[in-house]
Amino acid sequence: MSTKFNTLSLSSDMTDNLDRIGYTDMTPVQSETLPLILDGKDVIAQAKTGSGKTAAFGIGLLHKLKVKKFRVQALVLCPTRELADQVAKELRVIAKFAHNIKILTLCGGAAFGPQLGSLEHGAHIIVGTPGRILKHLGKETLSLENLETLVLDEADRMLDMGFIEEIDKVLEYAPRTRQTLLFSATYTNEITFISNRIQRDPVSVKTTSTEVQNKIQEIFYESKNKTDTLIKVFSTFKPENIIVFTNTKIAAKDLAESLSKNKIDALAIHGDLEQYERNDVLVQFANKSCPVLIATDVAARGLDIKELSMVVNLDLPHTLETYTHRIGRTGRAGAEGIAITLYDTYETENAMEYRADNRSFEDADALSKSNTFEMKPKNVTLVIEGGKKDKLRAGDLLGALTAEGGLAGSAIGKIDIYDRQAYVAIQREFIDKAKKQLSNGKIKNKKFSVWVL
Ligand code: ADP
Ligand code: MG
């Protein structure tokens, strides 16, 4: 497959401009998706950050733009304002091949009035966040009647942030015959789910296989005192987030307690938890408010945590299949993962069955622990007593938190919205400020109680 842009059916104005901005060769995601995109296909593309996804869909949508027809022909949905700004900037550079292509960003957190003014002047391409786009559609200040291309950029992040309903509603305003492109850094079940709903016979492209393979380092340690060895493992490898598997729920509870006594923030999930308790734990682990999750196999079923740096088997799993399944949760998306297995002296014989070239058996005495070692989470979770039933959206919470005098967007992590509650991850040092900001202010003109989980 050639990697030169001029082998595609692009106009010479387009390729000349690409040349001028220094884009001579296509990146892998571009060479794999552009022929399909130019052919009018719906495409679902997964490629890691920095791989050139913006130009992939950007060249595609600009290629078929009818510049003389001054109507919105392409819409790019992004999870945040920062990303929308970046995308718009890149599109403007690529759009230099022609005169007068109007690209407009519409994001929450910005004043509504000026956006109305810009919309009245018309645009070819809109880039924005789902909530604000929806608002304009509802007020009929934006029409998608002439839409030809819809792009979901960083679709995985938009789903993480709970934008699915907004996206669904935006789609109600879009024509059925359109090209829909879905770009994402990760490929999850949710991505497949949304693709099924909004795309037609999509062609799926994954470039990770031509990039780095997942790598899992597998190490076994004999240990008579598992808690102690585990803490040394954490202290030596300094993983960011860990799932520890235990064979029983009693072991899970006990370990959570003893780790906490050793200044390591840990939460356990097991069959005895109520659904809401389980949810509280999973939300905190996924949004980086707790570095260690302890789970039994049954309790961990259906967990989809991305970018897990370490998996630990506190005891030998009962079968090799369980082992493979457990450790497969780390090292995803090309990142390096570590799988640690501890076994008691009396389990040595069973442990030897795991011997293989790619696994090493090491001496736990080589692990070290500093006396001041502790594991505190990056974030703390704020709970808001309001959710979907109150029509709260991620954008509303972001808006309220960052409103004047409030937090910087970078201090805010994952947002999860359920029917009656919302969870927002806040960087630990800003939690008091965040709580104050929400308790003193209003969200969508309403007061909600707020507390720290
Ligand atoms: P992604 O969305 O996949 O994370 P971006 O679209 O932001 O990545 O692109 C990353 C960088 O690569 C940007 O600075 C962009 O200008 C540059 N880039 C994209 N395509 C090309 C290309 N074909 N040749 C050179 N640079 C490129
Ligand atoms: Mg991108």
Filter the stretch 20-36 for residues that are more than 16 Å from ligand 2 (Cβ to nearest atom) and of a type in the set (Val, Ile, Thr); the one that is modelled with the lowest pLDDT is Thr24
Scanning the stretch 150-177 for residues that are surrounded by fewer than 21 Cβ atoms within 10 Å (Cβ to Cβ) and not in a helix (DSSP H, G or I), the one nearest to ligand 2 (Cβ to nearest atom) turns out to be Ala174
### Query
Has the stretch 405-424 got any residue that is of a type in the set (Asp, Glu), out of contact with any strand residue (DSSP E or B) (no Cβ under 9 Å at 6 or more places or on another chain) and closer than 15 Å to Phe448 by Cβ?
yes
Problem - Asp39 being at pLDDT 95 or above, more than 10 Å from ligand 1 (Cβ to nearest atom) and farther than 29 Å from Tyr173 by Cα - result: no
Condition set part of a loop (DSSP other than H, G, I, E, B) and of a type outside the set (S, T, N, Q), scope the stretch 220-255, selection farthest from Arg329 (Cα to Cα): answer is Lys224
Every listed condition ((1) closer than 14 Å to Phe285 by Cα; (2) modelled with pLDDT under 95) holds for Met375 save (2)
Counting only residues in the stretch 48-74 that are within 16 Å of ligand 1 (Cβ to nearest atom) and in a loop (DSSP other than H, G, I, E, B), the one modelled with the highest pLDDT is identified as Gly52
If you go through Lys68, Lys41, the only one that is of a type in the set (D, E, K, R), more than 15 Å from ligand 2 (Cβ to nearest atom), touching a strand residue (DSSP E or B) at 6+ places or on another chain (Cβ under 6 Å) and in the same structural domain as Arg176 (by TED's automatic domain parsing) is Lys41
Considering the stretch 178-204, residues that are within 16 Å of ligand 1 (Cβ to nearest atom) and hydroxyl-bearing (Ser, Thr, Tyr), and then whichever is surrounded by the most Cβ atoms within 10 Å (Cβ to Cβ), we arrive at Ser184
All conditions in (1) within 16 Å of ligand 2 (Cβ to nearest atom); (2) of a type in the set (S, T, N, Q); (3) without any contact (Cβ under 8 Å) to a residue 60 or more places away in the chain are true of Asn6 except (1)
Filter the stretch 264-273 for residues that are modelled with pLDDT under 95 and assigned to a loop (DSSP other than H, G, I, E, B); the one that is surrounded by the most Cβ atoms within 10 Å (Cβ to Cβ) is His270
Picked from the stretch 12-29 (must be within 7 Å of ligand 1 (Cβ to nearest atom), surrounded by fewer than 20 Cβ atoms within 10 Å (Cβ to Cβ) and touching a residue at least 24 places away in the same chain (Cβ under 8 Å)), the residue nearest to Pro79 (Cα to Cα) is Thr27
Of Leu134, Leu142, the only residue that is out of contact with any Pro (no Cβ under 7 Å at 6 or more places or on another chain), more than 16 Å from ligand 2 (Cβ to nearest atom), at pLDDT 90 or above and not in a loop (DSSP other than H, G, I, E, B) is Leu134
Margin query: Just to be sure before I move on: is Glu32 in contact with a Gly (Cβ under 9 Å, 6 or more places away or on another chain) and within 13 Å of ligand 1 (Cβ to nearest atom) in the structure I sent?
Written below: no
The lone condition Val93 fails out of (1) surrounded by 19 or more Cβ atoms within 10 Å (Cβ to Cβ); (2) within 11 Å of ligand 1 (Cβ to nearest atom); (3) in a helix (DSSP H, G or I) is (1)
Might you check whether a residue that is without any contact (Cβ under 8 Å) to a residue 60 or more places away in the chain and exposed (fewer than 14 other Cβ atoms within 10 Å of the Cβ) occurs anywhere in the stretch 48-61?
yes
Exercise. With respect to Leu255, determine if the residue is aliphatic (A, V, I, L, M) and more than 21 Å from Lys369 (Cβ to Cβ).
Key: no
If we ask which residues in the stretch 316-355 are at pLDDT 85 or above and in contact with a Leu (Cβ under 7 Å, 6 or more places away or on another chain), their number turns out to be 7
> Being within 16 Å of ligand 2 (Cβ to nearest atom), touching a residue at least 40 places away in the same chain (Cβ under 8 Å) and in the same structural domain as Gly128 (by TED's automatic domain parsing), is that true of even one residue in the stretch 92-111?
Replying inline: yes
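The values are calculated or read from the model by the stated rules, or taken from the named source; none is laboratory data. Just so it is clear, the model here is predicted, and its values are computed rather than measured. Methodologically, a virtual Cβ is constructed for each residue, glycine included, from the backbone with ideal geometry; neighbour enumeration extends over all protein chains shown.
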